[in-house]
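K.L.:
The following block contains the structure, expressed as structure tokens.
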Amino acid sequence: MEIVKKVRDGDVRTVSRLIRRLEDQIPEAKDTIKKIFPHTGRAHVIGFTGSPGAGKSTIIDAMIAEFRKRDKTVGVLLVDPSSPFTGGAILGDRIRMQRHSLDPGVFVRSLATRGALGGLSKAVGDAIHILDAMGKDYVIVETVGTGQQEVEIINHAHTVIVVMIPGMGDEIQAIKAGILEIADVFVINKADRDGAGKLYRELMYMLNMANGFPGGWRPPIVRAENMFDAESFGRSLEELTNAINEHYQNLVDQDLLGDRVKRKTMIELNEALHSAILDPVLTALVESGEMDSMADKLLKKETDPYTLAEKVAKQYLSES
Amino acid sequence: MAKRKLRIMVAKPGLDGHDRGARVLARCFRDAGYETIYTGCHQTPEEIAAAAVQEDVDCLGLSCMSGAHRYLFPATVEKLRELGADDIQVIGGGIIPDADYQVLYDAGLKGVFVPGITLDDIIKWINENIVPNMKD
């Protein structure tokens, strides 16, 4: 119970250690999450996604400053990709927000994807719970630089910000499925560059074509330009912060917050079931060498994956 | 149980913008399979120590080309100690005269790496000397 108290008291060392243990999938860390779980659900979780170099980290840095001005505490989780070859990673988002590292109201932690698809790390869901239990008013999650399909963030965030920059493609990109569908707020960053007006119009067209919005929330488009012009960048950030808060208020007013939270709980339950039911089976198959011999059979075309899977399922399901 | 992954931070304390070396190292740590956090130039020892604790790294590599290593490296070790994180192993490198090695070791650095040492030597040293932290 001691560790739960330390987390709730905001002990930085305990929190960062615990996140590490979750990333490393140490079984005892899960027991701690079980105890922390009842203390969660208070923080407003904000997700930032968008292509590499769009300016997500820079905007988050400015958002932290804006939240701190309003006397709110902030936890930040930054996800960068792991190498598929070596498993190593360079976690570089933090560079943009180092100026907050001495502020006790801000906790920043970088995570590597460790092979997870969808733009996040597997540990992110639990890490959000921990920062929430730590008492942070806002938990900001930055995904890896995304393409079109990495939409996992909607399962974790109450409010999703998609950061875009001019010059990334034609109007067909704007009607494709995927990342543009998940935005609650759009940011056009580097809006002083050529093509920003066109991007704005394309997003407007895309939104105009939508057949209504859940809770009547039409995603606003915030333009941010020239971060070196403190006054204008600051104004954009204030606008963005207000839009984020309004979105959350809208979820509350329209009774939609439960839907968002349920999405996350379903995923968590799914993952927990996976690790409770499927993982032991997979481990057993690998350890007994059965996995290898099945792969050999497939290579020799002696059988097919479906037949093998059915056989394994029958064997293990009848056991319990 | 999954094997624990080594986390390492590369940091540049003080007024020193020469970070080619730090970037090469960060890249080389990535290729060695470590999760590598790079915090950029112009950091104070306080900022570096606080970041190292938030990131729960096993090892902190300091790079300094400006000649201020005799002050900045020990100051960073001291800040880690103040934060109760003296188990984070600190190593350093850059333009460091032979005569200063002992000063840095005495201040608590575990390794000092200067021009002429190969990347392979550094990785080998880390693999032999840094163990991913298992404490709570």
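K.L.:
Have a look at A:G118, A:G135 and point out the one that is away from chain B (no Cβ under 12 Å) and closer than 21 Å to A:I267 by Cβ.
P.N.:
Details: A:G135 fails: closer than 21 Å to A:I267 by Cβ.
Checking each option against the conditions leaves just A:G118.
K.L.:
Sticking with this one: Which is touching a His at 6+ places or on another chain (Cβ under 9 Å) and at pLDDT 95 or above, of A:V139, A:V124?
P.N.:
A:V139
K.L.:
What's the total number of residues in segment B:1-34 that are of a type in the set (A, V, I, L, M, F, W, C), facing chain A (nearest Cβ under 10 Å) and part of a helix (DSSP H, G or I)?
P.N.:
Residues of segment B:1-34 that are of a type in the set (A, V, I, L, M, F, W, C), as a first pass: B:1-2, B:6, B:8-11, B:15, B:22, B:24-26, B:28-29, B:32.
Going one step further and asking which of them are facing chain A (nearest Cβ under 10 Å), we end up with B:1-2, B:6, B:8-11, B:26, B:28-29, B:32.
Filter once more, so that each one left must be part of a helix (DSSP H, G or I): B:26, B:28-29.
Number satisfying all stated conditions: 3.
K.L.:
Spot the failing condition for B:L62; the list is (1) in a helix (DSSP H, G or I); (2) more than 8 Å from chain A (Cβ to nearest Cβ); (3) farther than 16 Å from A:D93 by Cα, and only one is missed.
P.N.:
Exception for B:L62: condition (1).
K.L.:
Kindly list, by first and then second residue, each pair from a residue in segment A:242-271 that is in the same structural domain as A:A183 (by TED's automatic domain parsing) to a residue that is exposed (fewer than 12 other Cβ atoms within 10 Å of the Cβ), limited to pairs with Cβ atoms under 6 Å and residues at least 6 apart or on different chains.
P.N.:
From residues that are in the same structural domain as A:A183 (by TED's automatic domain parsing), there are no pairs.
K.L.:
So, in segment A:89-127, of the ones that are among the acidic types (D, E) and closer than 19 Å to B:P13 by Cα, which residue ends up surrounded by the fewest Cβ atoms within 10 Å (Cβ to Cβ)?
P.N.:
At the first step, the residues of segment A:89-127 found to be among the acidic types (D, E) are A:93, A:103, A:126.
With closer than 19 Å to B:P13 by Cα added as a condition, the list becomes A:93, A:103.
Values: A:D93: 25, A:D103: 15.
Filtering segment A:89-127 for residues that are among the acidic types (D, E) and closer than 19 Å to B:P13 by Cα, the one surrounded by the fewest Cβ atoms within 10 Å (Cβ to Cβ) comes out as A:D103.
K.L.:
Give me the pairs, please: first residue somewhere in segment A:13-30 and facing another protein chain (nearest Cβ under 7 Å), second residue anywhere and in a loop (DSSP other than H, G, I, E, B) and surrounded by fewer than 20 Cβ atoms within 10 Å (Cβ to Cβ), beta-carbon distance under 6 Å, and either six or more positions apart or on two chains.
P.N.:
A:D24/B:A2; A:D24/B:R4; A:Q25/B:A2
K.L.:
Same structure again: Please specify each residue of segment A:80-92 satisfying the condition of being more than 7 Å from chain B (Cβ to nearest Cβ) and either modelled with pLDDT of 95 or more or out of contact with any strand residue (DSSP E or B) (no Cβ under 7 Å at 6 or more places or on another chain) (or both).
P.N.:
If the condition is that a residue be more than 7 Å from chain B (Cβ to nearest Cβ) and either modelled with pLDDT of 95 or more or out of contact with any strand residue (DSSP E or B) (no Cβ under 7 Å at 6 or more places or on another chain) (or both), then A:P84, A:F85 are the ones that fit.
K.L.:
Considering only segment A:31-55, state which residues are among the charged types (D, E, K, R) and within 14 Å of another protein chain (Cβ to nearest Cβ).
P.N.:
Matches in segment A:31-55: A:D31 only.
K.L.:
Continuing with the same structure: In this structure, does A:T307 turn out to be closer than 22 Å to A:I59 by Cα and of a type in the set (V, I, T)?
P.N.:
no
K.L.:
Can you go through B:L104, B:L60, B:L109 and tell me which one is closer than 30 Å to A:A29 by Cβ, buried (at least 17 other Cβ atoms within 10 Å of the Cβ) and touching a residue at least 12 places away in the same chain (Cβ under 8 Å)? Don't jump to the end; show me each part of the working.
P.N.:
Values: B:L104 fails: closer than 30 Å to A:A29 by Cβ; B:L109 fails: closer than 30 Å to A:A29 by Cβ.
Exactly one residue qualifies, and that residue is B:L60.
K.L.:
Do you know which residues across segment A:1-19 are part of a helix (DSSP H, G or I) and of a type in the set (D, E, K, R)?
P.N.:
If the condition is that a residue be part of a helix (DSSP H, G or I) and of a type in the set (D, E, K, R), then A:E2, A:K5, A:K6, A:R8, A:R13, A:R17 are the ones that fit.
K.L.:
Being farther than 25 Å from B:G116 by Cβ, touching a Lys or Arg at 6+ places or on another chain (Cβ under 8 Å) and buried (at least 20 other Cβ atoms within 10 Å of the Cβ), is that true of even one residue in segment B:10-29?
P.N.:
No, segment B:10-29 contains no residue that is farther than 25 Å from B:G116 by Cβ, touching a Lys or Arg at 6+ places or on another chain (Cβ under 8 Å) and buried (at least 20 other Cβ atoms within 10 Å of the Cβ).
K.L.:
Do the conditions hold for B:I37, that is, is it touching a helix residue (DSSP H, G or I) at 6+ places or on another chain (Cβ under 8 Å), crowded, with 20+ Cβ neighbours inside 10 Å, at the interface with chain A (Cβ under 7 Å from one of its Cβ atoms) and in contact (Cβ under 8 Å) with a residue 12 or more places away in the chain?
P.N.:
Yes, satisfied.
K.L.:
In segment A:255-293, which residue that is of a type in the set (S, T, Y) and part of a helix (DSSP H, G or I) is modelled with the highest pLDDT?
P.N.:
A:S293
For (1) closer than 26 Å to A:L78 by Cβ; (2) touching a Phe, Trp or Tyr at 6+ places or on another chain (Cβ under 8 Å); (3) not in a loop (DSSP other than H, G, I, E, B), each residue gets a yes or a no:
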{"residue": "B:G40", "(1), (2), (3)": "yes, no, no"}
{"residue": "B:V53", "(1), (2), (3)": "yes, no, yes"}
{"residue": "B:V57", "(1), (2), (3)": "yes, no, no"}
{"residue": "B:L72", "(1), (2), (3)": "yes, no, yes"}
{"residue": "B:T76", "(1), (2), (3)": "yes, no, yes"}
{"residue": "B:Y105", "(1), (2), (3)": "no, no, yes"}
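K.L.:
Okay, next question. What are the residues in segment A:42-71 that are part of a strand (DSSP E or B) and out of contact with any Lys or Arg (no Cβ under 6 Å at 6 or more places or on another chain), if any?
P.N.:
A:H44, A:V45, A:I46, A:G47, A:T49
The values are calculated or read from the model by the stated rules, or taken from the named source; none is laboratory data. Please read these numbers as outputs of a predicted model, since none were measured by experiment. Cβ: placed from backbone, ideal geometry, glycine included. Neighbour counts: every protein chain shown.
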